[in-house]
1. Can you give the net charge of the other residues whose Cβ lies under 10 Å from the Cβ of Val105, counting K and R as +1 and D and E as -1?
2. Near the amide H of Phe182, under 5 Å away, which other amide H atoms are found, from residues 5 or more places off or on another chain, if H is placed in the peptide plane?
3. Counting other C-beta atoms within 10 Å, which of Ser26, Ser175, Ser99 has the fewest, and how do the rest follow?
4. Using R₀ = 22 Å, calculate the FRET efficiency as 1/(1 + (r/R₀)^6) where r is the Cβ-Cβ separation of Ala5 and Arg111; round to 0.05.
5. Between the alpha-carbon centers of the range 35-95 and the range 147-204, tell me the distance in whole angstrom.
6. Please arrange Val165, Val24 by counting, for each residue, the other beta carbons lying within 10 Å of its beta carbon, fewest first.
7. Test of the criteria: in the range 13-90, which trypsin sites (Lys or Arg not before Pro) are in a DSSP loop and have at most 15 other Cβ atoms within 10 angstrom of their Cβ?
8. Compute the distance in nm between two label points, each set 7 Å from the Cα along the Cα-to-Cβ direction, one at Ser205 and one at His94.
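Bear in mind these aren't lab numbers, they're just calculated from the coordinates by the rules spelled out. Remember, it's a predicted structure, so these values are computed and weren't measured experimentally. Here Cβ is always computed from backbone atoms with ideal geometry, including for glycine, and neighbour counts include all displayed protein chains.
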Amino acid sequence: MTGKARIAHLAGPNATIQNTPPLVTSNKARAKHNLSLLTNPDGTPARFDVLRPQRLAAPVTAYVEQFSAHPLEADAAELYGPPDGYIDNAGCVHKERQSANDRPVYEIELRPEDGLYPLPYMARQADGAAWEEECAFPDAPEPKARQGFFPDGSRSFEEIDRLQVGEHGIGNLISGKAEIDFYRILPPSGYTKGLAADRRTDTGSGDIPPERRGIDFFPYKPLISPPRRRVQPWRRRPTLCSRSWQAPVMTARSGPRAARGSRRRSTGSIC
C-alpha cells in the first residue's frame with residue numbers, strides 16, 4: 001500500500017481504552033504548598049513522582065546529563081561526539097570543562113510546539129487541597145467530580161505518537177502511517193460547559209453546546225448518583241453516524257462493539 005491510510009475513529013460508550021488514571025497532585029506540588037506527601041503503602045517515602053503528559057506554556061532550556069539515556073552509553077563513550085558543555089558544582093554551565101567534577105551535558109530548548117512533555121502534575125483543588133482522585137472527595141456529587149475519560153480519541157492517539165517508541169527507536173507510530181478522523185458518536189465523556197468550534201479536536205463544525213451526563217455522553221465514570229431518568233443517547237446519533245461513514249475509510253472504534261467492516265456506510269444500528 002502506498003501513501004497513508006485514512007481511519008475513522010469512533011468514540012463510543014464504555015470506551016475503557018479512552019480512560020486515564022486519576023490526576024493526582026505530585027509531591028513536588030505538595031512540598032511547594034506544605035501538603036502531606038504521597039508515600040508507599042508501608043509509609044516510606046515515594047521514590048518518584050508520576051509524570052503526566054502536559055503542554056509547556058513557554059520555551060525553556062534544559063540541560064541533560066550525557067550518557068544518561070542508557071546504563072551502558074558510557075561504556076561506548078569513545079563512539080560519541082562531544083557534549084554541548086559542562087555544569088560545575090554551583091550549577092553554572094561552561095563550554096569547556098573547568099574541573100574533574102564537572103558533568104558533561106546536552107543543551108536542549110524545549111518549546112510548546114514540540115508537543116506533550118511528561119511532567120509532574122502541579123494542580124491543586126480550589127480550596128488548596130491536593131487532588132487524590134477524580135473527585136474532590138470520596139462519593140462527591142457531580143459538581144465536585146472531574147472526568148477521567150477523553151472526550152474523543154485524539155488525545156490518546158497524540159500521546160501514543162509523542163511518547164511511544166517503536167522497535168527502531170523512532171516515534172509517530174500512528175501519524176506516520178495513517179490520517180485519523182475522530183468522531184464522537186456516543187462519547188464516554190463530555191464538555192459540560194460546551195466547547196468553542198476553534199478548540200474542537202473531533203471531526204465536526206460549530207460550537208459544542210453544554211453536554212449533559214447520561215444524555216449527551218455516557219455516564220461511565222466517575223461513579224456518582226445517576227439521573228432519575230436516563231435518556232438513551234444512542235437514539236439521537238444515527239444521523240451523525242451515517243454522515244461520518246460516507247467516505248471510503250477504514251474504521252477504528254473505542255467502545256464495547258467493533259465496527260462492522262471497512263469501506264461501508266454506517267447505519268444507526270452500529271453506533
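1. -3
2. His9, Thr203
3. Working: Ser26 24, Ser175 15, Ser99 9.
Going from least to most buried by this count: Ser99, Ser175, Ser26.
4. The formula returns an efficiency of 0.15 here.
5. 28 Å
6. Details: Val165 9, Val24 19.
Taking fewest neighbouring Cβ atoms as first place, the list is Val165, Val24.
7. Details: sites: Lys28, Arg30, Lys32, Arg47, Arg55; in loops: Arg47, Arg55.
Passing sites in the range 13-90 are Arg47, Arg55.
8. 6.4 nm
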